[in-house]
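The values are calculated or read from the model by the stated rules, or taken from the named source; none is laboratory data. In this text the structure is predicted, and so the values were computed from the model without any measurement. Virtual Cβ from ideal backbone geometry, glycine too; neighbours counted across all protein chains shown. Calculation scope for accessible area: heavy atoms of the full protein, side chains included, ligands and nucleic acids excluded. Shrake-Rupley method; radii C 1.70, N 1.55, O 1.52, S 1.80 Å.
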Amino acid sequence: MKKIVTLITALVLITGLIISQTGCAGKSETIEKTSYYMDTVCTITVYDMEEMSDENAGAAIDSAFGLCSDLEALISMTKEGSDIYRINHSKGKPVECADETIEVVKLGIEYGQLSEGRFDITIGKVSDLWDFHSEEASLPDDSAVKEALKAVDYTCINVDGNTITMGNPDSEINLGGIGKGYIADKAAEKLQELGVTSAIVNFGGNIVAIGDKQGEAFRIGVEEPYSDRNDIIGSVDVKDAVVVTSGIYERFIEVDGKRYHHILDVTSGYPVDTDVAGVSLVGDIGNSARCDALSTICLILGVEDGMELIEKTAGVEAVFIDIDGEITASSGMDFNKM
């Protein structure tokens, strides 16, 4: 039996691996809109702004979504004409890129170095072989995977000003492990520039909490793995913060009764074999991209090594849920277990 499962839903309040909730009494008028970027349902909810009105809040959200569209058009590997598409089809020739593309690629290189290559944005040629959208899910040819692995090496990315040149002409960049967080950061920045003082930016597994809600923290629920977004295992209370989750249950295919998730091991080309089912990171606002990369790295490393990384990384806390359902929180994480 072949089966594909993608946990992306169109329901506004449950977009992604963590669920946005509010932890205070009383109601206030809110403006909320939903769109679709980066293969993810994206919702922005504005609770307050300097000059709060339906018109102003709606315009701010529209402006943020417009920026999301512009950025996706730069860093998507599948959109023809994007900077990343042009790099991946350049055959090693120099490609002039936008400032934003350079910024996120440099971040990807930074976390490649931090993880000693376990997080590698040149996984593109390998990820191309895995189709997590097909109705007829199947495994890639093993020989093709081994051949594609030869092109995985983030150190071959040469950045000179606004020009990117791939030292290996066969290498392809895939920013899936950091790009959504980067765009969430930029969307939140845009909202704040336009006077938004209280909002939730919910881009699937990436949530940005702008300010608070009527003086109280936003309560972000952490979903129990494999619960189809129906059960909450705990929550974190945050103000001016990001909450980012990575999980092996987020997107996967099922072939002959075995599940293959979408987070790939750069040494084998197949899903990483990890004891982590899901990991949620909390960091300061403006760090969704960094937490995006870190959460993926933590999942790849496993609970013990991932926790060691978190404990020595300033400004970020984490809660791990292992494949047996055991919860482990970092020393500074205030996690409310259900």
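Sort out which residues of segment 290-317 are under 27 Å from ILE253 (Cβ atoms) and aliphatic (A, V, I, L, M), and write them in order of number. ALA293, LEU294, ILE297, LEU299, ILE300, LEU301, VAL303 - these are the residues of segment 290-317 that are under 27 Å from ILE253 (Cβ atoms) and aliphatic (A, V, I, L, M). For segment 233-255, check the following and say yes or no: at least one residue is closer than 21 Å to MET307 by Cβ, in contact with a helix residue (DSSP H, G or I) (Cβ under 7 Å, 6 or more places away or on another chain) and surrounded by fewer than 17 Cβ atoms within 10 Å (Cβ to Cβ). Scanning segment 233-255, I find no residue that is closer than 21 Å to MET307 by Cβ, in contact with a helix residue (DSSP H, G or I) (Cβ under 7 Å, 6 or more places away or on another chain) and surrounded by fewer than 17 Cβ atoms within 10 Å (Cβ to Cβ), so the answer is no. Could you tell me whether ALA188 is in contact (Cβ under 8 Å) with a residue 40 or more places away in the chain and either over 12 Å from the mean Cα position of the chain (by Cα) or open to solvent by 40 Å² or more (accessible area, probe 1.4 Å) (or both)? Taking the combined requirement at face value, the residue satisfies it. Counted as qualifying within segment 262-338 are the strands (runs of 3 or more DSSP E) with 1 or more residues that are surrounded by fewer than 24 Cβ atoms within 10 Å (Cβ to Cβ) and in contact with a Ser or Thr (Cβ under 6 Å, 6 or more places away or on another chain), namely 316-322. Of the set (1) crowded, with 21+ Cβ neighbours inside 10 Å; (2) more than 24 Å from TYR36 (Cβ to Cβ), all apply to ILE75 but (2). The number of residues in segment 78-114 that are of a type in the set (Ser, Thr, Tyr), open to solvent by 30 Å² or more (accessible area, probe 1.4 Å) and part of a helix (DSSP H, G or I) comes to 1.
Would you check which residues across segment 232-263 are out of contact with any strand residue (DSSP E or B) (no Cβ under 7 Å at 6 or more places or on another chain) and free of Cβ contacts under 8 Å to residues at least 24 places away in the same chain and list them? Outline the logic, then answer.
Filtering segment 232-263 for residues out of contact with any strand residue (DSSP E or B) (no Cβ under 7 Å at 6 or more places or on another chain) gives 250, 256-258.
Listed by number, the list holds a single entry, LYS258.
When segment 193-228 is filtered for residues that are farther than 16 Å from VAL279 by Cβ and open to solvent by 20 Å² or more (accessible area, probe 1.4 Å), the ones remaining, listed by number, are GLU193, LEU194, THR197, ASP212, GLN214, GLY215, GLU216, ALA217, ARG219, ASP228. Taking the criterion of being farther than 16 Å from THR274 by Cα and of a type in the set (Asp, Glu), the residues of segment 304-338 that qualify are GLU311, GLU317, ASP334.
Results for (1) of a type in the set (Val, Ile, Thr); (2) within 20 Å of LYS186 (Cβ to Cβ), shown as yes or no for each residue.
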{"position": "THR34", "(1), (2)": "yes, yes"}
{"position": "ILE44", "(1), (2)": "yes, yes"}
{"position": "MET52", "(1), (2)": "no, no"}
{"position": "ALA64", "(1), (2)": "no, yes"}
{"position": "ILE75", "(1), (2)": "yes, yes"}
{"position": "SER90", "(1), (2)": "no, no"}
{"position": "PRO94", "(1), (2)": "no, no"}
{"position": "GLU103", "(1), (2)": "no, yes"}
{"position": "TYR111", "(1), (2)": "no, yes"}
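Is there a residue being over 30 Å from ILE310 (Cα atoms), out of contact with any His (no Cβ under 6 Å at 6 or more places or on another chain) and at pLDDT 95 or above anywhere in segment 39-46? Give the derivation first.
If we filter segment 39-46 for residues that are over 30 Å from ILE310 (Cα atoms), which is where we start, we get 46.
Filter again for out of contact with any His (no Cβ under 6 Å at 6 or more places or on another chain), leaving 46.
Now drop any that are not at pLDDT 95 or above, which leaves 46.
Yes.
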